[in-house]
Amino acid sequence: MNKPNSEEMMEAREERRDVVDNEETEMGNKDLETKKVGAMRALVQSQDPSSAQQVDDLMIRRFLRARNLDIQKASSMFLKYLKWRRTFVPNGSISVSQIPNELAQNKMFLQGLDREGRPIAVVFGTRHFQNKGGLDEFKRFVVYALDKLCSRIPTGREKFMIIGDLEGWGYANSDIRAYLGALSILQDYYPERLGKLFIVHVPYIFMTVWKVVYPFIDNNTKKKIVFVENKRLRLTLLEDIEESQLPQVYGGNMPLVPIQDA
């Protein structure tokens with residue numbers, strides 16, 4: 001058997017050193033996050049004493065990550081969330097009786113988990129129309145949906161996946177105020193919950209609306225958005241979702257379940 005030459009031995013040592021460095025960096029980041037979680041909890045509790053009983057360390061960490069571990073900015077964001085939650089969801093949850101017009105549109109479904117164990121939601125944009133419930137009911141629907149998604153996240157996971165299907169979407173479905181409202185709720189009050197957003201069957205006319213919405217999307221969220229080509233739809237989804245968990249409408253085995261029945 002040939003002995004490795006000196007150059008190969010040096011490359012092997014460099015590879016081992018890189019692995020060790022990466023492991024040490026990851027451990028250092030975790031230690032830093034743990035310390036900052038404690039510091040942020042103390043700061044928030046000093047301004048809102050009841051907050052300590054409402055949240056766990058993972059939730060605080062998500063707000064920290066959303067603000068690049070800046071304790072002051074993350075604390076401000078979190079305190080704003082607590083105030084919003086008490087005002088907008090005073091009973092702790094949104095009931096179906098509060099969103100009848102939104103549920104009647106039958107536009108959102110939940111089923112299955114992706115390869116990382118994240119629950120999957122499918123939203124059909126062509127079924128959304130402005131209704132008599134107005135923007136307030138739509139926002140309640142968004143909170144209802146996000147809470148439902150989060151409740152399905154397995155222990156040890158923190159994120160969910162959404163497939164936004166725009167097949168047949170037209171200007172009658174366009175609702176920029178609703179899109180911006182949903183975006184604000186997701187980014188401000190459910191930070192680091194979105195794992196990936198696939199946008200599929202995108203009609204050209206949608207890009208006019210997208211240009212309006214895009215500047216309001218923060219950089220962390222932008223990284224999670226994937227526009228999928230029609231010809232690669234099934235293959236792209238299968239990279240993240242096993243066929244047994246892929247919705248039937250995309251060639252998988254999982255039937256769609258309306259969100260209120262999930």
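For the chain, set up a GNM with springs between Cα atoms under 10 Å and report which of K231, K36, K83 has the largest fluctuation.
K231
Rounded, prolate or oblate: which fits the stretch 118-161 when a ≥ b ≥ c are the square roots of the eigenvalues of the alpha-carbon gyration tensor, with rounded for a/c under 1.5 and prolate only if a/b beats b/c?
The shape class here is oblate.
Viscosity 1.567 mPa s, temperature 4 °C: give me the Stokes-Einstein translational D for the stretch 217-262 in µm²/s, with Rh taken as the Kirkwood radius over C-alpha pairs. Intermediate values should be presented prior to the final figure.
Details: Rh = 12.3 Å.
Calculated translational D: 106 µm²/s.
Over the chain, what percent of the accessible surface lies on carbon and sulfur atoms, probe 1.4 Å?
Here carbon and sulfur together make up 52 percent of the probe-accessible area.
Connecting C-alpha atoms closer than 10 Å in a GNM of the chain, tell me which of Y189, Y179, Y144 has the biggest fluctuation.
Y179
Using the C-alpha gyration tensor of the chain, what are the square roots of 5 times its eigenvalues, in whole angstrom, with the largest one first?
Semi-axes (√(5λ), whole Å): 36, 28, 17.
Over the Cα atoms, compute the radius of gyration (one decimal) and Dmax (the largest Cα-Cα distance, rounded to a whole number) for the stretch 118-254, in Å.
Using the Cα atoms of the stretch 118-254, the pair Rg, Dmax is 14.8, 41 Å.
Note down the net charge around K196, summing +1 for each Lys or Arg and -1 for each Asp or Glu among other residues with Cβ under 14 Å from its Cβ.
+2
Got a sec? Charge dipole of the chain, +1 on Cβ for Lys and Arg, -1 for Asp and Glu; which of S93, M40, N219 is way out at the positive end?
Checked the options; the winner is S93.
As I understand it, the dipole of the stretch 45-156 uses +1 on the Cβ of Lys and Arg and -1 on the Cβ of Asp and Glu, about the Cα centre. Which of M59, A104, P49 lies farthest toward its positive end?
Highest projection toward the positive end goes to A104.
Roughly how many Å² is the accessible area per residue of the stretch 90-213, as a whole number, for a 1.4 Å probe? Don't skip to the answer; put the middle values down first.
Details: 5390 Å² over 124 residues.
For the stretch 90-213, the solvent-accessible area averages 43 Å² per residue.
Could you order peptides 87-99, 106-118 by the average number of other Cβ atoms within 10 Å of their residues, highest first? Please list the in-between numbers first.
Numbers: 87-99: 12.2, 106-118: 19.1.
Top to bottom by mean Cβ count within 10 Å: 106-118, 87-99.
Which pairs in the list K30/K222; K30/K139; K132/K159 are over 27 Å apart, alpha-carbon to alpha-carbon?
In this structure, K30/K139; K132/K159 lie more than 27 Å apart at Cα.
Sticking with the crude label model, points 7 Å out along Cα→Cβ, report the distance from K132 to A39 in nm, one decimal please.
If labels sit at K132 and A39, their model points lie 5.4 nm apart.
The values are calculated or read from the model by the stated rules, or taken from the named source; none is laboratory data. None of the values given here were measured: they were computed from a predicted structure. We place every Cβ from the backbone using ideal geometry, glycine too, and count neighbours over all the protein chains shown. The accessibility values were calculated without ligands, DNA or RNA, using every heavy atom of the protein model including side chains. Shrake-Rupley method; radii C 1.70, N 1.55, O 1.52, S 1.80 Å.
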